[in-house]
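Here's the structure, in structure tokens; my notes come after.
The values are calculated or read from the model by the stated rules, or taken from the named source; none is laboratory data. Everything quoted here is computed from the prediction, not taken from an experiment. With ideal geometry, Cβ positions are generated from the backbone for all residues, glycine too; neighbour counts draw on all protein chains shown.
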């Protein structure tokens, strides 16, 4: 719909669309510019008061003689000393910009409106994210404001090939979604495919921000393995961009999506690269052992106890002297539920009470459970080690997926003993091998298909100057693109 030259009719149209007379925070301010009636329309709380006062003072000081048939062009070129300004005659565009926080100026006898981007969103500072803390390194993190997040990345990558393309998603929310990539590094086919998927999204809003977007991009699936990596650290996102990955930034969320990824991306942490290569390699191995223990330790111990008589004497210490009032399998199962319950309770517990919750859940309950004979110390010990292994996984999504696999292993072992244990391992292996990341990338690369040099880079934290190769699956397939540069580790 186009604007008319009668400002009164334009205001009535916008009133119907924006509910100016019904919303207390949609402000309509009448002023006189050079003898003509004009209106400001903006959202209270978004607009910067100082800038608006300055612009209003300049406009109200205009004389009638200064208003010409080309009023709009003259105002934005000579009178409005502001950088982010545009002209539009589309009612829908005015509606969108006002709801986004901009200021619209409508003048009588003009069929164009002036749009000034004077918005200032409520925002917190770029604090270090809780889930990805490091002992040494940068302390900034992404925020809920999109423009801050792109600036944090551009601060680290001053490459003219860095692209941030914006798309609005949601017929009602019109949420800003930014696709970030380095043009001469990222695979152009993957970028094109991602844009097409996002443009085809038909929904009212992205209620859960980037998580809702992920499910639209990757489709419907009950596979628990995460296929995108989330990060709240600008240095991690920048390192992945330099490797050839694509980042997706959603407004109102401090998390950034990285894709495509493999399962080994969820085992890496920025801390590895802020330490000496030998120290980083050691901690990486400890993390791998912790991940293995978190999945396999409780069901493996249960299996060994079931077949205790078949093993040599030096392994007989594995079995408990007393089994307790509840079977070992049910003890593990109840402990699994208890750990999940404790995790859920900790999310809803204020920080001032978190220590008390840990004491109650970790010490008092387990101690009394042993005293009354429900549990044996061994089950609590092995479940505690498995729990520690889970917390050693940098990615929360990958950690929760492995937790579900541990449930499968535990239940199968409890009911079907050795056959259940081996069958569950085969089932989990098939899921990992058959899972593909965005763009059809193998989830198990570089283990399957095998890539010796890339696998060595994952197992060992090599010195940064020695890491020269970009991952094969990220090398651009565009024949017209420039050849890829050196790989930057993440």
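Among 421, 473, which is closer than 26 Å to residue 221 by Cα, modelled with pLDDT under 85 and part of a helix (DSSP H, G or I)? Walk me through it before giving the result.
Numbers: 421 fails: modelled with pLDDT under 85.
Result of the check over 421, 473: 473.
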Test: residue 284 is in contact with a helix residue (DSSP H, G or I) (Cβ under 9 Å, 6 or more places away or on another chain), outside the structural domain of residue 398 (by TED's automatic domain parsing) and in contact (Cβ under 8 Å) with a residue 40 or more places away in the chain: no
Any hit, region 326-343, residues being part of a loop (DSSP other than H, G, I, E, B), at pLDDT 70 or above and either assigned by TED's automatic domain parsing to the domain that holds residue 402 or surrounded by fewer than 17 Cβ atoms within 10 Å (Cβ to Cβ) (or both): yes
Residue in region 437-444 that is more than 23 Å from residue 398 (Cβ to Cβ) and either buried (at least 16 other Cβ atoms within 10 Å of the Cβ) or in contact (Cβ under 8 Å) with a residue 12 or more places away in the chain (or both) present: no
Complete set of residues in region 411-442 that are closer than 20 Å to residue 229 by Cβ and out of contact with any strand residue (DSSP E or B) (no Cβ under 6 Å at 6 or more places or on another chain): 431, 432, 433, 434, 435, 436, 437, 439, 440, 441, 442
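Would you call residue 238 in contact (Cβ under 8 Å) with a residue 12 or more places away in the chain and not assigned by TED's automatic domain parsing to the domain that holds residue 149? Quick ask: steps written out before the conclusion?
Values: in contact (Cβ under 8 Å) with a residue 12 or more places away in the chain: yes; not assigned by TED's automatic domain parsing to the domain that holds residue 149: no.
No, not satisfied.
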The one condition in (1) under 26 Å from residue 252 (Cα atoms); (2) touching a residue at least 24 places away in the same chain (Cβ under 8 Å); (3) in a helix (DSSP H, G or I) that residue 97 fails to fulfil: (2)
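The rows are residues; the columns are (1) in contact with a strand residue (DSSP E or B) (Cβ under 9 Å, 6 or more places away or on another chain); (2) closer than 30 Å to residue 406 by Cβ; (3) in contact (Cβ under 8 Å) with a residue 60 or more places away in the chain; (4) surrounded by 15 or more Cβ atoms within 10 Å (Cβ to Cβ).
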site	(1), (2), (3), (4)
162	yes, no, yes, yes
175	yes, no, yes, yes
179	yes, no, yes, yes
184	no, no, yes, yes
202	no, no, no, no
208	no, yes, no, no
212	yes, yes, no, yes
216	yes, yes, no, yes
220	no, yes, no, no
Any chance residue 166 is in contact with a strand residue (DSSP E or B) (Cβ under 8 Å, 6 or more places away or on another chain), loosely packed, with under 15 Cβ neighbours inside 10 Å and not in a loop (DSSP other than H, G, I, E, B): yes
Within region 387-402, considering residues that are modelled with pLDDT under 90 and closer than 18 Å to residue 334 by Cα, the one nearest to the chain's Cα centre (by Cα): 390
Conditions (1) at pLDDT 90 or above; (2) in contact with a strand residue (DSSP E or B) (Cβ under 6 Å, 6 or more places away or on another chain); number of the one not met by residue 157: (2)
Search result, residues across region 222-243 that are over 19 Å from residue 198 (Cβ atoms) and either over 13 Å from the mean Cα position of the chain (by Cα) or surrounded by fewer than 20 Cβ atoms within 10 Å (Cβ to Cβ) (or both): 222, 223, 224, 225, 235, 238, 239, 242, 243
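Could you list, in sequence order, the residues of region 141-155 that are surrounded by fewer than 17 Cβ atoms within 10 Å (Cβ to Cβ) and closer than 13 Å to residue 237 by Cβ? It would help to see each step written out before you state the result.
Of region 141-155, the ones surrounded by fewer than 17 Cβ atoms within 10 Å (Cβ to Cβ) are 147, 151, 154-155.
Matches in region 141-155: 151, 154, 155.
Taking the conditions exactly as written (outside the structural domain of residue 218 (by TED's automatic domain parsing), free of Cβ contacts under 8 Å to residues at least 60 places away in the same chain and touching a strand residue (DSSP E or B) at 6+ places or on another chain (Cβ under 8 Å)), does residue 448 satisfy them or not? Walk me through how you get there before you give the answer.
On the way: outside the structural domain of residue 218 (by TED's automatic domain parsing): yes; free of Cβ contacts under 8 Å to residues at least 60 places away in the same chain: yes; touching a strand residue (DSSP E or B) at 6+ places or on another chain (Cβ under 8 Å): yes.
So residue 448 passes the test.
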Criterion (within 19 Å of residue 414 (Cα to Cα) and at pLDDT 90 or above) met by exactly one of 259, 292, 297: 297
Options 128, 90, 50; residue that is under 21 Å from residue 28 (Cα atoms), surrounded by fewer than 16 Cβ atoms within 10 Å (Cβ to Cβ) and without any contact (Cβ under 8 Å) to a residue 40 or more places away in the chain: 50
